[in-house]
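The values are calculated or read from the model by the stated rules, or taken from the named source; none is laboratory data. Here the structure is a predicted model, which means the values were calculated and not measured. Please note: Cβ atoms are built from the backbone with ideal geometry, for glycine as well, and neighbour counts cover all protein chains shown. For accessibility, only protein heavy atoms count, side chains too; no ligands or nucleic acids. Shrake-Rupley method; radii C 1.70, N 1.55, O 1.52, S 1.80 Å.
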Protein chains: 4
Amino acid sequence: MIKAGIIGSTGYAGAELAGFLLGHPEVQVVWYGSRSYVGEEYSSIYKNMFRMVDAKCMDDNMEELAAEADVIFTATPQGLCASLINDEILGKAKVVDLSADFRIKDVRVYETWYGLEHKSPQYIGEAVYGLCEINREDVKKARLVANPGCYTTCSILTLYPLVKEGLVDVSSIIIDAKSGTSGAGRGAKVPNLFCEVNESIKAYGIASHRHTPEIEEQLGYACGETVVLNFTPHLVPMNRGILATAYASLKKQVSYGEVRAAYEKYYGEEFFIRLLPEGVYPETRWVEGSNFVDINFKIDERTGRIIAIGALDNLVKGAAGQAVQNMNLMFGLAEATGLGRIPMFP
Amino acid sequence: MIKAGIIGSTGYAGAELAGFLLGHPEVQVVWYGSRSYVGEEYSSIYKNMFRMVDAKCMDDNMEELAAEADVIFTATPQGLCASLINDEILGKAKVVDLSADFRIKDVRVYETWYGLEHKSPQYIGEAVYGLCEINREDVKKARLVANPGCYTTCSILTLYPLVKEGLVDVSSIIIDAKSGTSGAGRGAKVPNLFCEVNESIKAYGIASHRHTPEIEEQLGYACGETVVLNFTPHLVPMNRGILATAYASLKKQVSYGEVRAAYEKYYGEEFFIRLLPEGVYPETRWVEGSNFVDINFKIDERTGRIIAIGALDNLVKGAAGQAVQNMNLMFGLAEATGLGRIPMFP
Amino acid sequence: MIKAGIIGSTGYAGAELAGFLLGHPEVQVVWYGSRSYVGEEYSSIYKNMFRMVDAKCMDDNMEELAAEADVIFTATPQGLCASLINDEILGKAKVVDLSADFRIKDVRVYETWYGLEHKSPQYIGEAVYGLCEINREDVKKARLVANPGCYTTCSILTLYPLVKEGLVDVSSIIIDAKSGTSGAGRGAKVPNLFCEVNESIKAYGIASHRHTPEIEEQLGYACGETVVLNFTPHLVPMNRGILATAYASLKKQVSYGEVRAAYEKYYGEEFFIRLLPEGVYPETRWVEGSNFVDINFKIDERTGRIIAIGALDNLVKGAAGQAVQNMNLMFGLAEATGLGRIPMFP
Amino acid sequence: MIKAGIIGSTGYAGAELAGFLLGHPEVQVVWYGSRSYVGEEYSSIYKNMFRMVDAKCMDDNMEELAAEADVIFTATPQGLCASLINDEILGKAKVVDLSADFRIKDVRVYETWYGLEHKSPQYIGEAVYGLCEINREDVKKARLVANPGCYTTCSILTLYPLVKEGLVDVSSIIIDAKSGTSGAGRGAKVPNLFCEVNESIKAYGIASHRHTPEIEEQLGYACGETVVLNFTPHLVPMNRGILATAYASLKKQVSYGEVRAAYEKYYGEEFFIRLLPEGVYPETRWVEGSNFVDINFKIDERTGRIIAIGALDNLVKGAAGQAVQNMNLMFGLAEATGLGRIPMFP
């Protein structure tokens, strides 16, 4: 059994991770970290876990945890993982960081967008960007994986074949994304109260959201050029789900079939990516609770643009599910182990 | 492998059942019945099943199905199962009926409350009421199980120990129940449109809901007297979940501990019933997606009443999950096989 | 023009009140009090008011406000109004208190249920309980009105004719109430976050909610005896609305028409109470945004009980609308002035 | 008093219109048309209107209605108004058509996008496109007004100053719009059931939605060139509200102030358009129930694009409110008469 510890296990992503690890046949959770609830029964915070988890919340002593665990998941605010990690920890345990600390290779970009000083830039180089479908082989060998953001996973996977195959003008990319409210976290803030979110939709982080440089960097690797794009997230009155609607100008006239072939080339064998039948477009309800990403696209001949759409569950493929997928790769397990949840509808 | 067929697989309960059977290690689904969608790809109706189910919808030819399947689930409107079932079918396959046809032992009560003539009353006697926690041994031997209703399961399990142990005056029982909207089914009706349900709550079926006699009959068996009670269902703007708030007058002054002991006596060893810690009350969010029933109660010394509260997921323990639990018992499998889903929150 | 000040104008009830007063032809708001936001533009907190309110938030200096205003509304936490009020203030301005401070005549009951010392019990006697339909004449002469609670208004009005006319056994009354989430206020608390409330229903304050003694006291006045009852509130995933489902044993066999006559006797001329047609039951969607209370009932001959149901908008008839209705009475205006909002659906 | 008739008064837009006309000081509704409910009490369909409307539903005999009414509103499916209208009707009553029949000047464009033959193309020329803020003077003189679509009103008003002033490259315009579910109408269809819409978001009508040519035509008039753009609507789990997020490339580097001046030029005096303070962006909750459109924008220097965002209530400024605003203009009333509703939050 792989012994796993979670730092930040009482946030929404951390709790989703706890749920997946609990159902994972090869994992035993040895540490439910939660600075806010140290000493309290985990199942008194997440009552869905009543009688399933019999453990008290621990602090975020990552060194002590490294001595007990084979793998550490950090589902914590930006900066924490970078401030705690060190050679000793990495020598004892593999680390999957669900925060943004090791996602961006250019430390100045990270520091600018996040407004933080990076406390351990020496590990940025070795950290593998854990988008399994793209970086599978590198993940297998990694001891530190930067688990991608929720918006990022959805946006990159939706656009990747188009950019990689040079089908679109990368300077024309616009991503209009919509997220369920669990993406805003479990902090007690007025804007996230039920009555503030319900019966409304809004854009936020307009032209300034932190997932922008992450998307740009990864798509830049795909095409070999600098990518600068527009990314606009929106808050939707639902618990889970991200829908990314991406627009880009096609470089030349292409058919649905030609573009479909590009998607099949990269995703045809991927279990967790479902290319929908022609004419059927992603809806978040069809992936809820699962690790799937549903993708499809339409070519608009009138404007010469392609509209590519992706949907995933922000807490699963956008966070905890992908973290488990990365862990599976890192430990040589079958990639889908413990990730068998069928999307739950309604 | 147990071969299973579902009649009515495109309603919400039928689809939930399909999902559970798909993840069941001992079952293979051989028949996705759906009169409305005969010949259509199942995964074109329930797109969450895309790439997981590769089958077309079949009609409701129960005789043909009985020749292929070891177990038949009927998740159909009242009256259909009773009109199709016969000795030949029951001789070939076990049947779990998710409709009300075989739940009520007194055929006149059935015909009065449902406004239907019962087409095969000869099987009412042998049908076992499939509330596993109460009738486990009978279920194991049954070839025809009447799977209980969603409100009914929640109401009976919440009150059973109180009634069985004679702690309450059964003539004082009032059950005020609240259900998510999936309980109303997938029929295209104006009252179930999003804008009609959202931002509202209403009572319905006041003093006339069909689950009333079912609750009364089962509680009557528990206490050995005729039970007549008030049951009022309410429609809540959420997808899943039932909360039953039950009121009854205590026969004598008792402590929390004494009543708790009664609940522990019947449910202490039950995996799917979670008696919550004192002072913690059921909320539907904590059971969503799972086969759990959460129960607790409070004694109000001012009024001499007990308020007992239960919560479950109407599509799982209230329908498909319980059907699988029954099937497991009928086929000698471990009762929780394929029912390992941890409640999904948020 | 009546000059009005609001203490606590940035809570949900206070903001609803601001909206009603803004549309009131005889009122000018001179003071938007909000301790939390002193000095900030009111319309930067409630952006629906952008370009409609041009004022900054003020502190809760009730003495200074009394010098400027003809009427003061206190939409504040329990205890504040009682701690600020004095003879000088009451000599200058009429006061409508939306908190519980002056609702309960027995100060010990108040102090027990609220866990607070009452700071100005000398005004409890003169304070009029502002349930306009019951205490209209007293409200007209009052200088201090205790505006009833939201659950209370709904519960009392639903049961009043039954209790007043002696139709039911008051010891048998059980009120199962359901509220939208705005009733929980605008405080930043985890249990009120969108993801915690959405897709769930729960009971709370079981056998201990503070509105219980208020309901009991008022129904006690109606029947001339002590009333002890069960009141159980539930939190519903919607913004607004309260539905009260009340159960009581009928003292003798009566027809729908006989009971209807009792309701007509008290409410037949009431503009804001709508007795629905026989067979039609209240739903919160039909009163949303308005000052209406919709009421109807059903007699269950099987159990000898009556089920009476009422619905209102907790922020309107349950708070701000009723406060305006009280103000209208206190100032000799037509009772419905400024309260003409038609329920908004969907 | 202006006598008004509504054809299609039991759809969501028609009912919202009935509500506004009921509160309008200069209007009396003489005809509640509804083919589906002929002969039924209007308030039995829309129970919010109980005791406020005492009338039965009428058929859609527009000729008979024209003899009784000064103004006819048609809130009906595409094609109906065009099939009923004639010179006699237009000679007797003014008509405000809330359907698409007279919005598009090029009949071939209409017939192509709507898949219908236009039954009275002879009136297309005289029909005035009733976007009051743009065509106010023409509306005043019109006898037939084509009331704009909900998405269209939001999209055009959000982009108009940018296009009119030549600030953006019109070939670069992309509009990503999000709508509440009331926009889908009150028809009983499975995709609009609560459980299908709740907890999900989807795009629909991708590169093919019928509001596209309407937006293109009107923006084309503003800039004097043909406009071809991308418009993608999305369905959001909320009752009301449209948010349009529009992207366009700026022709040259401009400051926020310069662009703001363009918006102020056209909207500075408009009552129903609220240009929000810099840095504050539209959210649908702040306009709900009102006739306001909230607008703001951000310049993204990194990409050279502007992101302009608009929000309105689809049933008000996107349908019924705008229809009343048009009627007011046509009858020489103050434009905001009867449209005083303050946005309702929460």
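The modelled label-to-label distance between residue B:119 and residue D:140, using points 7 Å beyond Cα along the C-beta direction, is 7.1 nm. Students often get this wrong, so check it: of B:3/B:92; A:92/A:140; C:56/D:265; C:3/C:105; D:178/D:202; A:202/C:178, which have C-alpha atoms separated by over 19 Å? Long pairs (Cα-Cα over 19 Å): C:56/D:265; C:3/C:105; A:202/C:178.
The residues of the range D:140-176 listed by number as losing at least 30 Å² of accessible area in the complex, against the isolated chain and with a 1.4 Å probe, are D:174, D:176. Which of rounded, prolate, oblate describes the protein assembly as shown, given a ≥ b ≥ c as roots of the alpha-carbon gyration tensor eigenvalues and a/c under 1.5 marking rounded, otherwise prolate only if a/b is larger than b/c? Rounded, since a/c falls under 1.5. A probe of 1.4 angstrom, applied to the heavy atoms of all protein chains, finds residue A:112 with accessible area near 110 square angstrom.
Computed on protein heavy atoms with a 1.4 Å probe, the accessible areas place A:157, B:167 in the order B:167, A:157, largest first. Look at the dipole of chain D built from charges on Cβ: of D:207, D:77, D:234, the Cα furthest out on the positive end belongs to D:234.
Could you grab the Rg to Rh ratio for the range C:58-217? Cα atoms only, Kirkwood for Rh.
Numbers: Rg = 17.3 Å, Rh = 17.4 Å.
Result: Rg/Rh = 0.99.
Of the GluC sites (Glu not before Pro) found in the range A:33-120, the ones in coil according to DSSP and having at most 16 other Cβ atoms within 10 Å of their Cβ are A:40, A:117.
Solvent-accessible area of the range B:122-215 (1.4 angstrom probe, protein heavy atoms only): carbon and sulfur portion equals 47 percent.
Legend: mean number of C-beta atoms from other chains within 10 angstrom of residue C-beta atoms, peptide C:331-343, equals 2. Of the GluC sites (Glu not before Pro) in the range B:132-233, the ones in a loop by DSSP (not H, G, I, E or B) with at most 16 other beta carbons within 10 Å are B:225. Given +1 at the Cβ of Lys and Arg, -1 at the Cβ of Asp and Glu and no other charges, the dipole of the protein assembly as shown around its Cα centre is 0 debye to the nearest 20. Averaged over the residues of C:300-311, the number of partner chain Cβ atoms lying within 10 Å of the residue Cβ comes to 4. Taken about its Cα centre, the range A:1-159 carries a charge dipole of roughly 320 debye when the Cβ of each Lys and Arg holds +1 and the Cβ of each Asp and Glu holds -1.
For the range A:202-296, a simple Cβ point-charge model (Lys and Arg +1, Asp and Glu -1, everything else neutral) yields a dipole of about 280 debye relative to the Cα centre. The Rg/Rh ratio for the range A:164-233 is 1.10, where Rg is the radius of gyration of the alpha carbons and Rh is the Kirkwood radius.
Measuring with a 1.4 angstrom probe and ignoring ligands and nucleic acids, residue A:123 comes out at about 10 Å² accessible. For the range A:158-245, trypsin sites (Lys or Arg not before Pro) meeting the loop criterion (DSSP other than H, G, I, E, B) and having at most 11 other Cβ atoms within 10 Å: none.
The residues of the protein assembly as shown have, on average, 31 Å² of accessible surface per residue, using a 1.4 Å probe with all protein chains present. Accessible surface buried at the B:A interface totals approximately 3200 Å², computed with a 1.4 Å probe on protein heavy atoms.
Build a GNM of chain B with springs between Cα atoms under 10 Å apart, and of B:226, B:74, B:303 the one that fluctuates most is B:303. Only protein heavy atoms count here; under a 1.4 Å probe, residue C:70 has an accessible surface of about 60 Å². Charge tally for residue C:210 (other residues, Cβ to Cβ under 13 Å; Lys, Arg +1; Asp, Glu -1): -4. Computed extension length for residue B:59-residue B:107: 14.5 nm, one decimal, from 0.36 nm per residue of separation with the Cα-Cα distance subtracted. Accessible-area loss of 20 Å² or more (1.4 Å probe, protein heavy atoms, chain alone versus all protein chains) is found in the range D:224-262 for D:228, D:230, D:232, D:234, D:236, D:237, D:238, D:239, D:240, D:243, D:247.
The lysines whose alpha-carbon is closer than 18 Å to the alpha-carbon of residue D:252, local same-chain residues fewer than 8 away aside, are D:164, D:298. Share of carbon and sulfur in the accessible area of the range B:226-346 stands at 51%, probe radius 1.4 Å.
When Lys and Arg each count +1 and Asp and Glu each count -1, what net charge do the other residues less than 12 Å away from residue B:156, Cβ to Cβ, add up to?
Summing Lys and Arg as +1 and Asp and Glu as -1 gives -1.
Taking the dipole about the Cα centre of the range A:118-241, with the C-beta of Lys and Arg at +1 and of Asp and Glu at -1, give me whichever of A:187, A:123, A:142 is farthest to the positive side. The listed residue farthest towards the positive side: A:187.
Please report the orientation-averaged projected area of the range D:216-271, defined via the convex hull of its C-alpha atoms, in nm². Display every interim value, and only then the final one.
Numbers: hull surface 24.3 nm².
It is 6.1 nm².
Give the aspartates and glutamates whose C-alpha is closer than 12 Å to that of residue B:317, dropping any in the same chain fewer than 8 places away, or say none. Within the straight-line limit of under 12 Å, residue B:317 reaches these aspartates and glutamates: B:16, B:133, B:288, B:294.
Count charges around residue D:52 for me, please; just the other residues with Cβ under 13 Å from its Cβ, Lys/Arg as +1, Asp/Glu as -1. With Lys, Arg at +1 and Asp, Glu at -1, the net is +1. Averaged over peptide A:181-194, the number of partner chain Cβ atoms lying within 10 Å of each residue's Cβ comes to 6.
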